[in-house]
Amino acid sequence: MAVDAARKAGKLQMERYEKLERIVHKSEHDVVTEVDELSEQLIIGAIRDAFPTDSFLAEESGHHAGTSEADMAVGRVWVIDPLDGTINYANGIPFFCCAIGLSIDGQAVLGVVYDPVRDELFSATAGGGATLDGEPVRLPVKERLVDCVASLSLPRRGWAKRDIGVRRSIRVSRSMGSAALALTYLANGRFDLFIQSGGMSTWDICAAGLIAAEGGARLTTLDGGPWFDINKPTKSIGLLGAAPVHHQTLLELLR
């Protein structure tokens with residue numbers, strides 16, 4: 001069901017790609033397109049038809065179906081980012097995705113990330129491994145940190161020394177504009193490392209983080225804590241993902 005919903009949302013996004021009729025500014029730096037809202041409605045409708053008693057945490061419309069911050073870690077909660085990389089999408093940059101995750105009693109148990117531009121669908125279940133278009137994927141381990149390519153997003157203020165330390169220790173970094181898709185890329189080694197100091201929300205990481213972890217990455221907060229906490233405030237999440245052999249070294253570089 002989640003796979004079908006993600007594909008239908010992706011089809012809608014591609015039908016309207018570079019043909020937008022409306023862009024709304026949520027804040028100085030955030031935008032939402034008509035496609036974000038339509039995609040979210042489509043996904044929630046499909047899930048509600050299949051699981052009418054489940055709850056939702058969705059980027060554009062917040063809490064649904066009785067979910068409140070007090071009980072987010074109880075029961076089944078679908079965590080939805082209908083269009084991650086909205087600014088990319090609105091500007092015609094072909095790097096965005098639809099992410100659908102499921103949390104049961106506060107644990108991420110299912111994740112689907114669909115890239116409609118490449119028609120690629122990543123998925124994972126807790127304990128079941130990660131797949132790309134139905135085929136198992138795994139993060140290939142590079143022995144030397146200096147050979148690794150990172151999705152890196154650290155602010156200048158207060159982080160300059162740590163940013164320099166990381167950059168000197170790796171091959172090269174990239175910032176692609178869709179945290180969910182970049183994090184997902186850990187699962188098959190398109191990125192060897194994922195480092196972002198903050199600014200992410202639960203819907204950015206629920207599906208993508210599970211896929212990365214099931215692909216073999218060690219994923220934590222930047223202080224080494226658990227990567228998933230469904231009650232984390234919006235835009236408060238920072239993560240480090242890497243092969244286990246490099247994770248501790250990176251943690252030390254970021255302290």
How many of the residues in region 230-250 are more than 21 Å from Ser173 (Cβ to Cβ) and either aliphatic (A, V, I, L, M) or surrounded by 15 or more Cβ atoms within 10 Å (Cβ to Cβ) (or both)?
2
Filter region 101-129 for residues that are assigned to a loop (DSSP other than H, G, I, E, B) and under 17 Å from Met176 (Cα atoms); which is nearest to the chain's Cα centre (by Cα)?
Pro116
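Are any residues in region 130-144 in a loop (DSSP other than H, G, I, E, B) and of a type in the set (D, E, K, R), and if so, which ones?
Across region 130-144, the qualifying residues are Asp133, Arg138, Lys142, Glu143, Arg144.
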Count of residues meeting criterion [buried (at least 24 other Cβ atoms within 10 Å of the Cβ) and more than 20 Å from Val3 (Cα to Cα)] in region 78-107:
1
For Ile170, all conditions in the list (1) under 15 Å from the mean Cα position of the chain (by Cα); (2) modelled with pLDDT of 95 or more hold save one; what is the number of the exception?
(1)
Considering only region 90-100, I want to know if a residue exists there that is in contact with a Cys (Cβ under 8 Å, 6 or more places away or on another chain) and either over 18 Å from Glu15 (Cβ atoms) or assigned to a strand (DSSP E or B) (or both).
yes
Cβ-Cβ under 7 Å, sequence separation 6+ or interchain: first residue in region 161-179 and over 19 Å from Gly199 (Cα atoms) and in a loop (DSSP other than H, G, I, E, B), partner charged (D, E, K, R) and modelled with pLDDT of 95 or more. Which pairs?
Arg171/Asp147
When region 147-198 is checked residue by residue, the ones that are touching a Lys or Arg at 6+ places or on another chain (Cβ under 6 Å) and exposed (fewer than 15 other Cβ atoms within 10 Å of the Cβ) are Asp147
Leu219 is checked against (1) closer than 27 Å to Ala160 by Cβ; (2) in contact (Cβ under 8 Å) with a residue 60 or more places away in the chain and fails just one. What number does that condition carry?
(2)
Kindly indicate the residue of region 108-118 that is touching a residue at least 40 places away in the same chain (Cβ under 8 Å) and over 18 Å from Phe51 (Cα atoms) and also surrounded by the fewest Cβ atoms within 10 Å (Cβ to Cβ) among those meeting that condition.
Val117
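I need the full set of residues from region 191-204 which are touching a residue at least 40 places away in the same chain (Cβ under 8 Å) and not small (Gly, Ala, Ser), in order please.
Matches in region 191-204: Phe191, Asp192, Leu193, Phe194, Ile195, Gln196, Thr202, Trp203, Asp204.
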Which numbered condition trips up His247, out of (1) part of a helix (DSSP H, G or I); (2) under 14 Å from Arg138 (Cβ atoms); (3) without any contact (Cβ under 8 Å) to a residue 60 or more places away in the chain; (4) not aliphatic (A, V, I, L, M)?
(2)
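The values are calculated or read from the model by the stated rules, or taken from the named source; none is laboratory data. Bear in mind the structure is a predicted one, so any value in this text is a computation, not a measurement. Cβ atoms come from the backbone with ideal geometry, glycine included; neighbour counts cover every protein chain shown.
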